[in-house]
Amino acid sequence: MLEKQSNVKAWLYLLPALALLSVFTFYPLFNAFLLAFLKDYVYGSATGFVFMDNFKNVIADPNFNQAVKNTSIIVFVSVPISVTVALMISVLLNSIKKFQGLLQTIFFLPYVTNAIAIGMAFAFIFNESYGLLNLMLSWVNIDPVDWLGSWETGMVSLLIYTVWGGLAFKIMVFLSGLQSIDKQYYDAARVDATPKFRVFTRITVPLLSPMIAYITVTSFIGSFKAYRTIVGLFGPTVLPAGTLPDESFITIVGLIYESLSKSDTPGMVSEAAAASILLFITTLAFTIVNMWVSKKRVHF
Amino acid sequence: MEIKLQDLTKIFQAKDKTETVAVKSLDITIPSGKLIGLLGPSGCGKSTTLYMIAGLLKPNNGRIFFGDEDVTDMAPEDRGIGLVFQNYALYPHMSVQQNIMFPLENIKVPKDEALVRAQEMADLVGIGDLMSRKPKQLSGGQQQRVAIARALVKKPRVLLLDEPLSNLDARLRLQTREEIKRIQRETGITTIFVTHDQEEAMSISDEIVLMELGEKRQMGEPQDVYDFPNNLFVARFLGTPPINMYDGVISKKNVLVNGKAIGTTKGADGEVFVGIRPEGYIIDKDGPLELTVYMVETIGRDTALIIKVPNTENDTFRVIVDASERIKPGEVVKMKIKPKKMFVFNKETGELIN
Amino acid sequence: MEKIIEKLNLKEFWKDLKKFRFTKANVRTIAVYSFLLLFAIFVFIPFYWMILTSLKTLEEIETALQPSLWVKFKDMAFYNYYSALQAAPYIRYMANTVLIAFISTVGTIVTTISAAFAFARLNFKGRDTLFLALIATMMIPGEMFVITNYLTVTGLGWASPFTQTFPEAIMALSFPFMTSVFYIFFLRQTFKTIPDELYLAAKVDGTSDFKYLRRIMVPIASPTIITIIILNAMGTWSAYIWPNLVTSKEEYRLVTNGLRNAYTQNQGIAYNEAMAAAMIVTFPLLIVFLLLKKYIMRGVSRAGTKG
């Protein structure tokens, strides 16, 4: 690094990125906070400021409870399952030699795919009359179920799809972490007669703990924002006309886009902003808790 | 525990099916309770041999015995060995104490007993007061002691060390090698270590095994191997400065170098290599060798004369003489040779003739 | 094909299989492979079901007592792909997508390389603070930005419901994605691995910063840049939410919106055609992934270790 400061030149190099980021990242960030406290905002003008009204309106929305419920279920069920399964797959995949490359490619495939296209494929797997799942259930004499027809079974389907969609990235990160662990630790453990399961709990997991912490944080944040999987599986309208609030698959992000789509109604944009701030605060709190836990658990 | 390697062979197969013979029909008997150095240049198969003894590599052929027990097909964990890895392989997330106790947990030693044994081992290697530290907070030398303590704590039948000193700086190296010797003496455990550093091997081993190209070249007590090298490789590999190697001829039991007789031999007439240890020269105005001194290095006790010798492999030789001899560059010195420091080798096979 | 078989080493596999004995280690191996195979099937099923359905005739789907798990080659209804392409202007969507991907990728590359260079090599006041501020925005859910960005592009008249023109749609679709904090971060890390001595040597030789960036840093960092290009292009291909918000005319849409909007009503969907359309969207991604796995993996492992 040169000692001499080159301020003007540096800012010139930064200009294109900073200009775009100012318009599309920094300004929106502040504006979101501004919008959330405006009264009856519509088409660029507002009638004044309010303190908590927009937040109250969001919370009073009959869909809000459902959105929180759906989001929480997705977060607290799919994340632990997919992290655990991905960890097991990665460790086992890392331990084999034959067919490792082929299996690895298959496990990585979902990473690049399109959430909408695959969601449609899943919707057809869960189809009552023509779906694969009911076909497989019929092999063990279980009657067909209209998986996407009720909230309970629909949620099960959504969770299956969410776990499926989350595996690839986690396996990729875990595998690259596992491959960076010095093999000598495993040789040392072998010489010391360490049972396989203890090697996993006492050596692999601690040495992989930075990856596990990273994956846990990012998956929590990611599934708090669940929306595209739902659009893929259930269709573009997360609040189809005629569904009862407690039967919909609306999530917090779904709620934000619902409000935003009614931007011509006074106050709706502010509600979207308020909801997005609530989402931000929630994910931030989770990240902080996660990091605090990791700091105690993660080694190095 | 006596260790016997019989006809041990290891072949590595690369992805393109090319085969490399890393260890070739190795026969070694390692006496019980001794410290043995496996010595050789890199790629000579010494580490491969160590890993086969440990069970981490499976030989393609041959047997390994611990005492009378054939352990060739035994898993490493059943062999009762302690292994110290080149970069120690200390678990970074565990404290020193947890690292040392880890092998005991695996064999379900009760916690109280494990604590006592771990402390004993830590005291033995001199790190008893560092038990709560993490490996990252230790110096290289301390890390190595932890690794040795971890290897010894389960009372193995054999202790194996892979290049134990290579990751330490020069000063620590001297200290640590004495330490290894002391620990080995105190425990009486049969110990095998691998090194490419001849000085290291010579200084602490009870016996050394010299390996080249996957084969054993010579085994014996360090001084014996130095004094009586069986072949060209051993003669060249041992000794600093290295042995001076001349092209010579045997004629009627006389060894001739540059046409001058410098000693006698039992060998038949023919072309040979003549090796003379640097300390094997005596200044003598009637001596047969006439050497032109190119440079003089005085290192306290000794003086090394650097001699340019054309038509030899290194071009320059070193001759060690007493520091009281005052010799200047450019001088021509006449020398004779100590018979015990001269070795005559067959030019084809490299075997010792003498 | 022969190459693949050779790679799988089937001969060796059979040889090993013949020597098989039920030991504890072997039982463990069987358990491990069974577990992996089970999940591999789970992962692969949606792809298989998609391909399979896309090749069935509607008649077969609707009249079969139970869905079949296989279609014979002679019964394959490739016609579905043709009708899928007819059902919605996919070619147009793809052209739009490729155009947007191109514009936003070129923009991203230019802006992120120069910003990353400033952060990695130049010394200026407030550098570390600014970098930290950028990194911090990565933690914020994108929805917070989307709201105002939507207002911004509508305010600029780029997303007016009835009067939107194609250039306006293009600007609305690409401008917000012409830079990325993550890629700046990613590139800066790569630039940082280039030894300082190279920069100092270039300075001594009188090389300008720009020339150094163009001739030394960009070539050295080219694998990372390729990774960014691939990830960015794939991101555009799969973009759904933003294009859905800011395109008001059918023909300005991108592929993913086209796909979702063409097959929405639950009643009377031609599943085979829908799956063919889904395949049309998925297939290019799979090809890119299989061919350029190495580069995509770089991005992932970077995210994993530095996250």
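The values are calculated or read from the model by the stated rules, or taken from the named source; none is laboratory data. All figures in this text were calculated on a predicted structure; none of them were measured in a lab. Note that we place each Cβ from the backbone using ideal geometry, even for glycine, and neighbour counts take in every protein chain shown. Heavy atoms of the whole protein, side chains included, go into the accessibility calculation; ligands, DNA and RNA do not. Shrake-Rupley method; radii C 1.70, N 1.55, O 1.52, S 1.80 Å.
What the table below lists for this structure:
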{"read-out": "Selection status of A:Thr71, among the hydroxyl-bearing types (Ser, Thr, Tyr) and under 24 Å from C:Glu143 (Cα atoms)", "value": "yes"}
{"read-out": "When residues of segment B:231-263 are limited to those that are among the polar types (S, T, N, Q) and open to solvent by 10 Å² or more (accessible area, probe 1.4 Å), the one nearest to B:Glu351 (Cα to Cα)", "value": "B:Asn231"}
{"read-out": "Selection status of C:Met217, farther than 30 Å from C:Phe145 by Cα, open to solvent by less than 30 Å² (accessible area, probe 1.4 Å) and away from chain A (no Cβ under 11 Å)", "value": "yes"}
{"read-out": "Test for A:Met172: is it touching a residue at least 12 places away in the same chain (Cβ under 8 Å) and aliphatic (A, V, I, L, M)", "value": "yes"}
{"read-out": "Members of segment C:125-141 that are buried (at least 18 other Cβ atoms within 10 Å of the Cβ) and modelled with pLDDT under 90", "value": "C:Ile140, C:Pro141"}
{"read-out": "Residue tally, condition β-branched (Val, Ile, Thr) and more than 27 Å from the chain's Cα centre (by Cα), over segment B:314-348", "value": "4"}
{"read-out": "Selection status of A:Tyr130, within 7 Å of chain C (Cβ to nearest Cβ) and open to solvent by 40 Å² or more (accessible area, probe 1.4 Å)", "value": "yes"}
{"read-out": "Residue that is surrounded by the fewest Cβ atoms within 10 Å (Cβ to Cβ) [pool: residues in segment A:19-55 that are assigned to a helix (DSSP H, G or I) and among the hydroxyl-bearing types (Ser, Thr, Tyr)]", "value": "A:Ser22"}
{"read-out": "Hits in segment A:5-18 - residues which are modelled with pLDDT under 80 and either open to solvent by less than 60 Å² (accessible area, probe 1.4 Å) or more than 7 Å from chain C (Cβ to nearest Cβ) (or both)", "value": "A:Ser6"}
{"read-out": "Helices (runs of 4 or more DSSP H) wholly inside segment B:162-260 that include at least 3 residues being under 12 Å from the mean Cα position of the chain (by Cα)", "value": "B:198-204, B:222-227"}
{"read-out": "C:Thr179 being closer than 22 Å to C:Thr227 by Cα, open to solvent by less than 60 Å² (accessible area, probe 1.4 Å) and not in a helix (DSSP H, G or I)", "value": "yes"}
{"read-out": "Residue within segment C:112-121 that is basic (Lys, Arg), open to solvent by 30 Å² or more (accessible area, probe 1.4 Å) and either touching a Ser or Thr at 6+ places or on another chain (Cβ under 6 Å) or assigned by TED's automatic domain parsing to the domain that holds C:Leu187 (or both) present", "value": "no"}
{"read-out": "One residue from A:Ser95, A:Ser90 being touching a residue at least 12 places away in the same chain (Cβ under 8 Å), within 14 Å of chain C (Cβ to nearest Cβ) and farther than 21 Å from A:Val231 by Cβ", "value": "A:Ser90"}
{"read-out": "Within segment A:285-300, tally of residues that are within 14 Å of chain B (Cβ to nearest Cβ) and either modelled with pLDDT of 90 or more or open to solvent by less than 10 Å² (accessible area, probe 1.4 Å) (or both)", "value": "0"}
{"read-out": "Subset of segment A:56-91 (residues that are within 17 Å of A:Ala272 (Cβ to Cβ) and open to solvent by 20 Å² or more (accessible area, probe 1.4 Å))", "value": "A:Lys56, A:Asn57, A:Ile59, A:Ala60, A:Asp61, A:Pro62, A:Asn63, A:Phe64, A:Val68"}
{"read-out": "Tally of residues being outside any helix (DSSP H, G or I) and either within 11 Å of chain A (Cβ to nearest Cβ) or of a type in the set (Gly, Ala, Ser) (or both) across segment C:138-176", "value": "10"}
{"read-out": "Residue count for segment B:324-336, restricted to those that are farther than 17 Å from B:Ala304 by Cβ and either open to solvent by less than 70 Å² (accessible area, probe 1.4 Å) or not assigned by TED's automatic domain parsing to the domain that holds B:Ile307 (or both)", "value": "0"}
{"read-out": "Selection count, segment C:186-208, where residues are in contact (Cβ under 8 Å) with a residue 12 or more places away in the chain and either over 25 Å from C:Ile135 (Cα atoms) or open to solvent by 10 Å² or more (accessible area, probe 1.4 Å) (or both)", "value": "7"}
{"read-out": "Search result, residues across segment A:232-284 that are open to solvent by less than 40 Å² (accessible area, probe 1.4 Å), touching a strand residue (DSSP E or B) at 6+ places or on another chain (Cβ under 9 Å) and outside any helix (DSSP H, G or I)", "value": "A:Ser263, A:Gly267"}
{"read-out": "Selection status of C:Ile229, modelled with pLDDT of 90 or more and either surrounded by fewer than 22 Cβ atoms within 10 Å (Cβ to Cβ) or facing chain A (nearest Cβ under 10 Å) (or both)", "value": "yes"}
{"read-out": "Residue within segment A:178-199 that is closer than 28 Å to A:Ile116 by Cα, open to solvent by less than 40 Å² (accessible area, probe 1.4 Å) and more than 8 Å from every other protein chain (Cβ to nearest Cβ) present", "value": "no"}
{"read-out": "Single match in B:Phe193, B:Phe233, B:Phe228, B:Phe237 (criterion: of a type in the set (Phe, Trp, Tyr), at pLDDT 85 or above and more than 30 Å from B:Asp315 (Cβ to Cβ))", "value": "B:Phe193"}
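This table checks each residue for (1) within 15 Å of A:Val68 (Cβ to Cβ); (2) touching an Asp or Glu at 6+ places or on another chain (Cβ under 7 Å).
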residue	(1), (2)
A:Thr237	no, no
A:Asp246	yes, no
A:Ala272	no, no
A:Leu279	yes, yes
A:Val289	no, no
